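Taking it in order: structure first as C-alpha cells, then the write-up.
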Amino acid sequence: MNAAPHPLTLHEDRLFPSDPTQRAIARRLYAQVASLPIVSPHGHTDPSWWADDAPFANATELLLVPDHYLFRMLYSQGIGLDALGIPRADGSRAEVDPRAAWRLFARNFHLFRGTPSSMWLNHVFHEVFGLRLRLDDGSADLYYDTIADALQTAAFRPRALFERFNIEVIATTESPLDPLAHHQAIRDSGWGGRVITAYRPDPVVDPEHEQFPSALQRFGELTGENVHDWDGYLRAHRQRRAFFAAMGATSTDHGHPSCTTADLPPAQARALFAKIVAGQFTPAEAELFRGQVLTEMAAMSLDDGLVMQIHPGCFRNHNRGLFERYGRDKGADIPLVTEYVHALKPLLDRFGNEPTFRLILFTLDESTYARELAPLAGHWPCLFLGPAWWFHDAPEGMWRFREQTLGTAGFYNTIGFNDDTRAFLSIPARHDVARRIDCAVLAKLVSEHRIDEDEASEVATDLAYRLPKEAYRL
Amino acid sequence: MNAAPHPLTLHEDRLFPSDPTQRAIARRLYAQVASLPIVSPHGHTDPSWWADDAPFANATELLLVPDHYLFRMLYSQGIGLDALGIPRADGSRAEVDPRAAWRLFARNFHLFRGTPSSMWLNHVFHEVFGLRLRLDDGSADLYYDTIADALQTAAFRPRALFERFNIEVIATTESPLDPLAHHQAIRDSGWGGRVITAYRPDPVVDPEHEQFPSALQRFGELTGENVHDWDGYLRAHRQRRAFFAAMGATSTDHGHPSCTTADLPPAQARALFAKIVAGQFTPAEAELFRGQVLTEMAAMSLDDGLVMQIHPGCFRNHNRGLFERYGRDKGADIPLVTEYVHALKPLLDRFGNEPTFRLILFTLDESTYARELAPLAGHWPCLFLGPAWWFHDAPEGMWRFREQTLGTAGFYNTIGFNDDTRAFLSIPARHDVARRIDCAVLAKLVSEHRIDEDEASEVATDLAYRLPKEAYRL
Amino acid sequence: MNAAPHPLTLHEDRLFPSDPTQRAIARRLYAQVASLPIVSPHGHTDPSWWADDAPFANATELLLVPDHYLFRMLYSQGIGLDALGIPRADGSRAEVDPRAAWRLFARNFHLFRGTPSSMWLNHVFHEVFGLRLRLDDGSADLYYDTIADALQTAAFRPRALFERFNIEVIATTESPLDPLAHHQAIRDSGWGGRVITAYRPDPVVDPEHEQFPSALQRFGELTGENVHDWDGYLRAHRQRRAFFAAMGATSTDHGHPSCTTADLPPAQARALFAKIVAGQFTPAEAELFRGQVLTEMAAMSLDDGLVMQIHPGCFRNHNRGLFERYGRDKGADIPLVTEYVHALKPLLDRFGNEPTFRLILFTLDESTYARELAPLAGHWPCLFLGPAWWFHDAPEGMWRFREQTLGTAGFYNTIGFNDDTRAFLSIPARHDVARRIDCAVLAKLVSEHRIDEDEASEVATDLAYRLPKEAYRL
C-alpha cells in the first residue's frame, strides 16, 4: 500500500507545539541544548562493541533483531518471530535471509505510525545513513543496501559512531557474575571513550529466577565467599560492588517485580536466607527476600557511594509459549500496578534521611506519578525520579511525566533523561526527543507566563546535561 | 435562567483544535472521512424498530426515557425518575405527561454543558430535526412539537432514518434466550438494511444474576440440552452460537465484573459447575466460573470464528433503593479498578497465540490504557483494543485513549469506534464525534511533524471504516 | 546563580492558553469573575489572627515557617528544618536568625520553578507587597526588609488584609475539643468579617491517633456525656455539632486514611466501640470504627443540616525520624490508592437518596476522577466533588480534574474552589489561579464549539461564586 515513493524528512521543529508562540520559545530553548554532549547513565548497550570495534553486520542484525519494541509490534499483528530471524532460546535460529526479514519489516512499517519507534528509526535513517525516502515496501532494498554499504566503512564502526554521537559517558549494565572483560579491554585499548558499567545483581537476588541456584554458585566461586551463608552473601556483594566501582560504575540497578523493601532483624534475615538457599520458600518469602536485599544494597551504598536505582513493576515473560520457544526479553513483558508508599517505608525509615544516600525511582505505572512518586521525591532528600521509562518513553509519556510530577516534585527532584536502550544507533534520537519535549514543556510554561524564559533556559540545560551528571555522580 | 432565545449552531469545525495549523489539517483529514458509511459493530439498539418500522412516539419517549446518560445526570441533581416517566421495575409508571417531562428536562439542560450528551443531542436537534434554537425552558414546547410532527412523517420511520444515516451495518446484542424473531422478520421483509445480532450470554453465565436459575432452565428448554451438566451446558452454547452466527452474528460480548479468566482441568470445571447449578457457591466460585466460561467461549471462537469482546469492570446497580424500585440500567452503574495482566493469563496461555483467535478488550479503568492494555495489545496477536467506552466516550476520553495507547499499541491494534448505544438517533452524532477527534489527534501529530499528512489520511480512513470492518469480520 | 537582578512580573494573561483564540475568550470570561468576592468554605487559617488582629512578625514567620509546601521541597533537596527555624515537636526551636532562614529560602527559590508555590508567592510578593524584582540570592534582603516594613503598618494587619482581599466568608477548621474562643472573640468584637468554623472530629474519631484516649477523655469532660459509652459518645458529637453550628459552622470535615464507611447494627456498633475505648482493637477494627462514625455523622447531618466533607487517602507522617523530631504536618504526608465505590456503599445505601443530605468528596488519587468519582457524583443526588486538592491544587491538577470529571459529572456536580490553606496571604492568589484555569478550560470548550460563550460565562460565575456558596449552604 506504500508503493509510491515518499520523501523522508526530519523537520527542524518536530515535536514542538504548533502554536506559534510556544514553538518560537521552544526553538530558542532547544538551540541551547541541541548540541550538548550526551550523558547516558542508564542503558543496555553491549560493551563488546567498543571493546572490539568490529563493524555491524546489516540493517536487520543492527536495527531489527535486537529491538524488542519492533518485533513485539510486528508479532502483535501476526508476524512470527522466525520470519524475522529472532534467535530462539536454544540458540537455534530460523534460516531467514536478513534482506527478506528487512523487507517484511519495511512492508509493515506503517504499524509504527505515531509510535516512538518510528521517530527514532526515521532519525537514524535520515541522520546516520542519509536516507531521504520513507521506509516502505518500495524502498526496502534501497535501505538495506545503503545501510550495508555504510556499515563497511570506518565511519560506522562503534567507536567512530560513539564519537560522532558526542557521547560524554555511557553506562552499560552487568550482572555481578560478569568479569567485565570488555570494560577492561576498552580501558586497555587507550581509546578515550568513557564506557562504564552498572551493578545489576538481579540474577543473584531473585530466588524465582530460573537460574538463581547456579548463579549463586558462580557468585561464590567468583568471590571466594560462602554465599550460602547470609553474611558471606553480603560480603560477596560488597566485593563485587567494589570491583564494579573500580571499573567505573557509579550506580546499581534493581529490576524487581515490585518496589517492596524490608528491614528484618539480622536473625530473621539469616533465617529467611537459609530458606532461600535451600529452595524452600513461598512466593511471599521470595518477595520479602528481594525486599531485604534492597535495604542491604542501600546500606552498602552509604559506604561505597553507588547511586541506587529501582525499576519495579513488570510481569516478565507474559507469553508462556513464546518464552518457552524464544526465551526472555522478547517483547512479552507487561507492566503491573505498583505501590511505593508502603513498599519503600522500611528502607526509608532506615536510610531515608542519610545525606549521602541517593535512590532513583522509576515506574511503569503512571498513576503513581502524581499520587505517590512526586510527593515522595518532593519530601525525602534521598529520592529522585527517573524519567518516563520503557513503555512511557514516548512524547506523550514524557508530557505526562512532567505534567504529573511538576507541581509537587518540581524539575529538580528529577534527573533528566535515560535512554535505557540496547539500540545503540537510536541513542542520539532518543536524547533528542527528550530534549525537544522538555523544551516544549518549558515553552508552554513560559507562554503561559508561569516562568521566565531565562529560568526555562537554565532548566533546559539542567535537564539535558547537569542533572544526569549530578544524579549519577558522573 | 435561559429565558432569552439563543441560536443553536453546529459549527463545521467543532471539536477541532483552535490552533490554525492543526485546525486546517484536521479539516482536510475530516473531509475524507465525514461521509464514509457508518459501521456499528457493537451497540444496543432494539431490532424491533427495523422489524416493525413503526413511528416513534414523541421526544420524551424517543430521546429521554431510554437514555440513562440523561436521567442519571438529572437524578444527580435531585430530579426523581418518576417525574421523568421512567418505568419502574414492576412495569408500572408514574402518570406523567410526556410534554411535562420534556419541559423538566429542557429546564435543566444546562446541567449537560460540556458533556457528550449535550453534543450528541444538539447534533440530533440540528441535523435530524432542523431545530435552530437552543433547548431551554423557552424553547421546550417548540422542540416537543417539532419533534412530534416530524415523527409522524415517513422520513422519520426507523428504516428511513437507518438509510438516511448511511449505516452499512449495525449489530444489536441479544441473550442466548432470545429467539431472534425481530432479526428474522427484518430478513424476511426484503428490506436491504443490514442488522445483525451479537451473542451476549451473560444471563446464563453469571450465577450472581438474580435470574440465573430461570435463565438456565430456559436455556435448556431452548436447546434441548441438559444444561445442568457441564458438557451439555457447553453444547448448548455451541448450538446457540451457531444459530446466532446464522442470523448474521460475527461476535460475542461478555460484560463481567472483572476480566478474570480461568483454565481449569475438565474435572474441576465439572465440579465447579455442579456447585453453580446447585446454587451452592461462594462469590469467589462465581467469579471463577465466569472466568472459566470466558475461556470456553474463546475455545468456541476458534471453531466458529466469532470475535470475542470483554467489557469488564462495572459495579452494577450501586443504588440499592433505586434498583429495588426501578430495576437495572438506571444510571447507577459505577466503574471499578480492573486488572488485566494476571486476569487474562489463563485464557492467553491457552489461546493467545492462535492465529484465528481475536479478542477485543474494553475498559472503564483508564489507568490500564498505558500500563496494561496497550502493552498487552502491542504484543499478543489475538488482542485488540476497543475504543473509549461508556463513561469515557467523550472528547476528553477519546483523547486520553489515543494519547495513552498510541506509543505502545499504535493505531493498528485498535479497532475504530463503537457507538455502544441504544439511542438510535444519536448514532451519526457519536460516530461524527469519534471521527472528528481521531482527525484532531492525527492533525496534532502532523502539525508536530511526527507523521506525514498522507499517512494521517490513511489512518483516518482506517479508523473510521476499514478497521472496524476487519476487526469484527464484517 | 541568580545574582543578576531580574524583574518580577505578573502577566495579566498568566495561565491562559497561548493560542490567540482561546486566550481572547479566556480573557473575556475572566474579566467577569476576577473581582467577585472570595468564598473560602474550607481551609485551615488561624482564627486568632482576626480575633487579635495583631501584626505578623516577619517574612520568615509569615510565609515560610507555616507553609509545609515550601519546607518539604527544601527538605527534599537536603536542607534541614532546623536551618529554616521550623519548630520541633517538643516546642523547642533551633536558634536561627529569621533573616538567615529567609536568605536560605531565597537562594533555593529556583527549586519551585513551575510549581504552584512559586506562582502563589510571586502573586503575594507582587500584589500584596509591591515587589518588582524576582526573589533570589541578590534580592533576599530587599524582600525581607520590604515585608518587615509593611507588616508594621495598619494596612497589613489581619483584618485589613481580610477586607482588602474581598473575602465574603472564610471557614476555619476546629476539633470538637476547641472552645471556639477566637470565633467568639471575633463575634464579640463587632468587626464585620465573616469567619466561621467547621467541625473536624478526627481527634475523637481515629483510635490510631496517638492522643485518642486523652482526647476522648476531654470530649467527655467538655460535654458532660459518658463518652465511653456508644450512645453517650454519639450524644456528645450531637452536642458539639450544635455548638459549632451556633458559631457559624455549616460543614463537617473528615480526614480519614480511606473512604471506608460502615453501617453496623446498633449492637455490633456498641460492641466495637467497647473494644475501641478499651484500646483493644486491631487495625481493621479501627478502620471499621472510623467508617461507622462516618455513617453516624451522615445521620446527624440529616438532622442539623451540616454539609459533610470526606478528605481520604493520605499516609500521614511517612518519615518516622522527622515525625519523632518535628511532629505532624511537616510535609511528609503521602497520598495512597483510594477506593470509593465499595467504600461508600454502606453510607450511601442508608442515606444516599435523602434529599437534604450533602456529601462532598475529595481525593488525592486522581485515577478515581473519571473511574469512580465522576460516575458517583453524576448519579447520587447527595454527592458533589470537591476541587483538585492539596498535591493536585496546581494548574495541571486543575486541568486534569476538569478534563476527567466533565464528561460524566458535568460542571454542576462540582463545587468550585477550596483554598484549603493556612497561608492566609496566598488566598487571593489561589482563588485567582482557580478562576483563571476554569476560564481557560471553558475557553477551550468555546473555541472548539462545544459550548457557547454565554453559557461559559454563566458557568465561570457559578464556579467562582454561586456553587461554593450553595454547596456549603453559606
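The values are calculated or read from the model by the stated rules, or taken from the named source; none is laboratory data. Fair warning: this is a prediction, and the values are worked out from it, not measured in the lab. Positions of Cβ are backbone-derived with ideal geometry, glycine not excepted, and every protein chain shown enters the neighbour counts.
For B:Asp229, the test of being surrounded by fewer than 20 Cβ atoms within 10 Å (Cβ to Cβ) and in contact with a Lys or Arg (Cβ under 7 Å, 6 or more places away or on another chain) is failed. The requirement of being hydroxyl-bearing (Ser, Thr, Tyr), buried (at least 18 other Cβ atoms within 10 Å of the Cβ) and out of contact with any Asp or Glu (no Cβ under 8 Å at 6 or more places or on another chain) is fulfilled somewhere in the stretch C:296-308, by at least one residue. Taken over the stretch C:345-356, the residue count meeting the criterion of being within 15 Å of C:Ala377 (Cβ to Cβ) and more than 9 Å from chain B (Cβ to nearest Cβ) is 1. Within the stretch B:84-105, the set of residues being charged (D, E, K, R) and closer than 21 Å to B:Ser117 by Cβ comprises B:Arg99, B:Arg103. Scanning the stretch B:65-82 for residues that are within 19 Å of the chain's Cα centre (by Cα) and closer than 16 Å to B:Arg103 by Cβ, we see that the one that is farthest from the other protein chains (Cβ to nearest Cβ) is B:Val65. One residue stands out in the stretch A:448-465 among those that are of a type outside the set (Gly, Ala, Ser) and away from chain C (no Cβ under 11 Å): the one that is surrounded by the fewest Cβ atoms within 10 Å (Cβ to Cβ), namely A:Thr461.
From the list B:Trp120, B:Trp50, pick out the single residue that is in the same structural domain as B:Pro428 (by TED's automatic domain parsing), touching a helix residue (DSSP H, G or I) at 6+ places or on another chain (Cβ under 8 Å) and either basic (Lys, Arg) or modelled with pLDDT of 95 or more (or both). Unique residue meeting the criteria: B:Trp50. Residues in the stretch A:105-120 that are within 19 Å of A:Arg430 (Cβ to Cβ) and more than 7 Å from every other protein chain (Cβ to nearest Cβ): A:Phe109, A:Ser117, A:Ser118, A:Trp120.
Residue by residue, here is whether (1) part of a helix (DSSP H, G or I); (2) touching a Phe, Trp or Tyr at 6+ places or on another chain (Cβ under 6 Å); (3) farther than 23 Å from C:Glu354 by Cβ holds:
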| position | (1), (2), (3) |
| --- | --- |
| C:Asp263 | no, no, no |
| C:Leu272 | yes, yes, yes |
| C:Lys275 | yes, yes, yes |
| C:Gly279 | no, no, yes |
| C:Ala284 | yes, no, yes |
| C:Glu287 | yes, no, yes |
| C:Arg290 | yes, no, no |
| C:Val293 | yes, no, no |
| C:Ala299 | yes, no, no |
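Every residue in the stretch C:232-250 that is crowded, with 20+ Cβ neighbours inside 10 Å and part of a helix (DSSP H, G or I), please. Of everything in the stretch C:232-250, those that are crowded, with 20+ Cβ neighbours inside 10 Å and part of a helix (DSSP H, G or I) turn out to be C:Tyr233, C:Ala236, C:His237, C:Arg240, C:Arg241, C:Phe244. Within the stretch C:1-57, the set of residues being assigned to a loop (DSSP other than H, G, I, E, B), away from chain A (no Cβ under 14 Å) and surrounded by fewer than 20 Cβ atoms within 10 Å (Cβ to Cβ) comprises C:Ala34, C:Ser35, C:Leu36, C:Pro37, C:Gly43, C:His44, C:Asp46, C:Asp53, C:Ala54, C:Pro55, C:Ala57.
Yes/no matrix, rows are residues, columns are (1) at pLDDT 95 or above; (2) in contact with a Phe, Trp or Tyr (Cβ under 9 Å, 6 or more places away or on another chain); (3) basic (Lys, Arg); (4) under 21 Å from B:Ala456 (Cα atoms):
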position: B:Leu364; (1), (2), (3), (4): yes, yes, no, no
position: B:Tyr369; (1), (2), (3), (4): yes, yes, no, no
position: B:Trp380; (1), (2), (3), (4): yes, yes, no, no
position: B:Leu383; (1), (2), (3), (4): yes, no, no, no
position: B:Ala388; (1), (2), (3), (4): yes, yes, no, yes
position: B:Gly397; (1), (2), (3), (4): yes, yes, no, yes
position: B:Phe401; (1), (2), (3), (4): yes, yes, no, yes
position: B:Gln404; (1), (2), (3), (4): yes, yes, no, yes
position: B:Gly407; (1), (2), (3), (4): yes, yes, no, yes
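In the stretch B:391-439, the qualifying residues are those that are in a loop (DSSP other than H, G, I, E, B) and acidic (Asp, Glu), and the one that is nearest to B:Asp19 (Cα to Cα) is B:Asp393. The listed residues are C:His6, C:His11, and the only one of them that is in contact (Cβ under 8 Å) with a residue 12 or more places away in the chain and not aliphatic (A, V, I, L, M) turns out to be C:His6. For the stretch C:347-382, the set of residues classified as farther than 13 Å from C:Ser301 by Cβ and outside any helix (DSSP H, G or I) consists of C:Asn353, C:Leu361, C:Phe362, C:Thr363, C:Leu364, C:Asp365, C:Glu366, C:Ser367, C:Gly378, C:His379, C:Trp380, C:Pro381, listed by residue number. Here A:Val337 meets the list (1) touching a Phe, Trp or Tyr at 6+ places or on another chain (Cβ under 6 Å); (2) β-branched (Val, Ile, Thr); (3) within 11 Å of chain B (Cβ to nearest Cβ) almost entirely, failing just condition (1).
Considering the conditions (1) touching a residue at least 12 places away in the same chain (Cβ under 8 Å); (2) surrounded by fewer than 16 Cβ atoms within 10 Å (Cβ to Cβ), B:Gly190 is excluded by exactly one of them, (1). Among residues of the stretch C:230-250 that are within 25 Å of C:Ala267 (Cβ to Cβ), those with a beta-carbon under 7 Å from a residue that is among the basic types (Lys, Arg) at least six positions away or on a different chain give the pairs C:Trp230/C:Arg270. Is it the case that C:Pro387 is more than 9 Å from every other protein chain (Cβ to nearest Cβ), crowded, with 24+ Cβ neighbours inside 10 Å and either within 18 Å of C:Ala298 (Cα to Cα) or touching a residue at least 40 places away in the same chain (Cβ under 8 Å) (or both)? Judged against the criteria, C:Pro387 is a match.
Among the conditions (1) touching a residue at least 60 places away in the same chain (Cβ under 8 Å); (2) hydrophobic (A, V, I, L, M, F, W, C); (3) buried (at least 21 other Cβ atoms within 10 Å of the Cβ), the only one that C:Leu84 does not satisfy is (1).
When the stretch A:415-447 is filtered for residues that are closer than 30 Å to A:Asp53 by Cβ, within 14 Å of another protein chain (Cβ to nearest Cβ) and of a type in the set (D, E, K, R), the ones remaining, listed by number, are A:Arg430, A:Asp432. Taken across the stretch C:303-317, residues that are basic (Lys, Arg) and more than 14 Å from chain A (Cβ to nearest Cβ) do not occur at all.
Pick from the stretch C:318-329 the residues that are more than 21 Å from A:Glu339 (Cβ to Cβ) and facing another protein chain (nearest Cβ under 9 Å): which of them is surrounded by the fewest Cβ atoms within 10 Å (Cβ to Cβ)? That would be C:Gly321. Residue selection: B:Ala89 fails the criterion of being in a loop (DSSP other than H, G, I, E, B), in contact with a Leu (Cβ under 8 Å, 6 or more places away or on another chain) and surrounded by fewer than 19 Cβ atoms within 10 Å (Cβ to Cβ).
The set of residues from the stretch C:184-231 being assigned to a loop (DSSP other than H, G, I, E, B) and closer than 30 Å to C:Phe165 by Cβ comprises C:Gly190, C:Trp191, C:Gly192, C:Gly193, C:Arg194, C:Thr197, C:Ala198, C:Arg200, C:Pro201. Since A:Asp253 meets every condition but one in (1) under 22 Å from the mean Cα position of the chain (by Cα); (2) of a type in the set (Asp, Glu); (3) part of a helix (DSSP H, G or I), which condition does it not meet? Condition not satisfied by A:Asp253: (3).
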